[in-house]
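The values are calculated or read from the model by the stated rules, or taken from the named source; none is laboratory data. None of these values were measured; they are calculated from a predicted model. Cβ atoms come from the backbone with ideal geometry, glycine included; neighbour counts cover every protein chain shown.
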Amino acid sequence: MKIFIALMLFATLAIAGDNDKLHTPKSFSANGRKAVFADFTEATYHINYDIASKKASVKAEIKLETSEAGFPIFDSVVAPTSVSFDGATVTTIETKTPNNETTLRLINKLAQAGVHTLTVEVPLTSLVEFSTDGVKSAFWTSDLDERKFLERYMPANFEFDQVKMTFLVKFIGAKNKQIIYTNGNVTEVETNSFKITYPNYYTASSIFFHAVPQGATTEQRFTLKSIDGREIPAVVYFTKSSWSASLDKLKAKTTEVFHELESDYGAFPHPSITVLQAGMGGMEYCGATMTDFSALGHELFHSYFARGVMPANGNAGWVDEALASWRDDGYQSLSTLSGSSGMSSHAYYTRTTDKAAYSFGERFMSYLDGKLQSKGGLKPFMRHMVDKKVFSPFFVEEFIKEMSDFYGVSLEADFKKYTYGSGNDFSQNLKAKSHIHRKMTIEEMQNFL
């Protein structure tokens, strides 16, 4: 089984570039220029924390490929202090997509189709806290507002793109040892200097990163025996703001959910598990989560659907939230469904998840399960998706086709009726909220560093 998993991951990496090209968004006109999306093949991030000056910065060195001539796109919420493209200093333009769905940055230089290099420097100011003990820093994300993935902190691409990422992290002048919790492979090169490598299939929504001075957290490390024979390293922890929590209880719940999910959907798809108990609700990453205790099951489910079977854009983002909410509510079945939504039909460049996923989306999955009961219900298809499509970003249209092919019956009409709605009353869906994925302000998140 270990050999099978290794071969599966190798095959996944081999086709990652093809997946990126298949899901690359269309070019568009902006500021009199043809804006073109690129495939980032590799990105190295030099992340420096200067304790004495209490300043942090990121230098991104990115290898990318464009399939057509134009002005390449990347994103960084923070304005760059320096940008070079193919070795020449350039400027960037912050602009919007055609229907104002989102904002991004455009390299102000015409590039021919082919392979290029991009270097961008930005200050790192969000979720960074310096003290006499060292520095606390996190790259926590959200899919409920635009530009809240990795681009919130450093230059990155849209979520469709799977990138081989490396972090080179230095804590300059730190007197105490720094600890990094992350879902990558960490090597301490020298004291308080780290190299972190991440799997090639990671996207802008995949990385969990949390750095603290030693002693700022309390943790418990253990291993979980997977059904494929692996001993999966796990860590559960919390910061001083949550020291009333119980590590034993957190470990027990993590273990319980892990075995539940493996029983339903097969071997855990990631090489490790990291759980930070903090905040209100939670957010998922590849094999990791920042979550409150009540949302732990929901967030670990996302290691299979969201950060295992991955959405390629905002219009596909509702699928995993609907499935996770369906699981939270006990996998109920419905024979009929009233209402509709536009979860699959937002403007083309939308990056956020429709909040209707938590309510109407859950009911839609219950309806599909009821409709497909004679064929075993929805869960066999979900396991099929993990087996065949893990780490392969998808559009909703691809999800519909895969489900229809699996059951041998077209489900396109159901999806069109209930998720591509037009002329329906969406006000209830727009007001939908989830106790699981609660919006937290940057000030609220700061409290959990």
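Determine, yes or no, whether GLU129 is touching a residue at least 40 places away in the same chain (Cβ under 8 Å), under 30 Å from GLU398 (Cα atoms) and touching a helix residue (DSSP H, G or I) at 6+ places or on another chain (Cβ under 9 Å). Before you say what the answer is, go through the steps one by one.
Numbers: touching a residue at least 40 places away in the same chain (Cβ under 8 Å): yes; under 30 Å from GLU398 (Cα atoms): no; touching a helix residue (DSSP H, G or I) at 6+ places or on another chain (Cβ under 9 Å): yes.
So GLU129 fails the test.
Do you know which residues across segment 315-341 are small (Gly, Ala, Ser), farther than 20 Å from GLY297 by Cα and buried (at least 20 other Cβ atoms within 10 Å of the Cβ)?
ALA316, SER340, SER341
Only one of (1) surrounded by fewer than 17 Cβ atoms within 10 Å (Cβ to Cβ); (2) in contact (Cβ under 8 Å) with a residue 60 or more places away in the chain is not met by ALA156, so which one is it?
Failed condition: (1).
Would you call TYR49 farther than 26 Å from ALA88 by Cα and either at pLDDT 95 or above or among the acidic types (Asp, Glu) (or both)? Talk me through it step by step, then tell me what you get.
Working: farther than 26 Å from ALA88 by Cα: yes; either at pLDDT 95 or above or among the acidic types (Asp, Glu) (or both): yes.
So TYR49 passes the test.
On the given criteria, is GLY173 of a type outside the set (S, T, N, Q), over 13 Å from the mean Cα position of the chain (by Cα) and farther than 30 Å from MET310 by Cα? Reasoning before the result, please.
On the way: of a type outside the set (S, T, N, Q): yes; over 13 Å from the mean Cα position of the chain (by Cα): yes; farther than 30 Å from MET310 by Cα: yes.
Spelling it out, GLY173 is indeed of a type outside the set (S, T, N, Q), over 13 Å from the mean Cα position of the chain (by Cα) and farther than 30 Å from MET310 by Cα.
Taking interchain pairs and intrachain pairs at least six residues apart, which have beta carbon atoms under 8 angstrom, with the first residue in segment 31-44 and in a strand (DSSP E or B) and the second acidic (Asp, Glu) and crowded, with 24+ Cβ neighbours inside 10 Å?
ASP39/ASP161; PHE40/ASP161
Tell me which strands (runs of 3 or more DSSP E) are completely within segment 64-139 and hold 3 or more residues being within 25 Å of LEU22 (Cβ to Cβ) and not assigned by TED's automatic domain parsing to the domain that holds ALA288, or say none if there are none.
So the answer is 71-74, 103-107, 114-123.
Only residues that are of a type outside the set (S, T, N, Q) and under 14 Å from the mean Cα position of the chain (by Cα): list them for segment 185-202, please. Outline the logic, then answer.
In the first step, residues of segment 185-202 are kept if they are of a type outside the set (S, T, N, Q); the result is 186, 188-190, 194-196, 198-199, 201-202.
Listed by number, the residues that qualify are TYR198, PRO199, TYR201, TYR202.
For PHE85, indicate whether it is in contact with a strand residue (DSSP E or B) (Cβ under 9 Å, 6 or more places away or on another chain), over 28 Å from THR289 (Cα atoms) and at pLDDT 95 or above. Lay out the reasoning, then the answer.
Details: in contact with a strand residue (DSSP E or B) (Cβ under 9 Å, 6 or more places away or on another chain): yes; over 28 Å from THR289 (Cα atoms): yes; at pLDDT 95 or above: yes.
So PHE85 passes the test.
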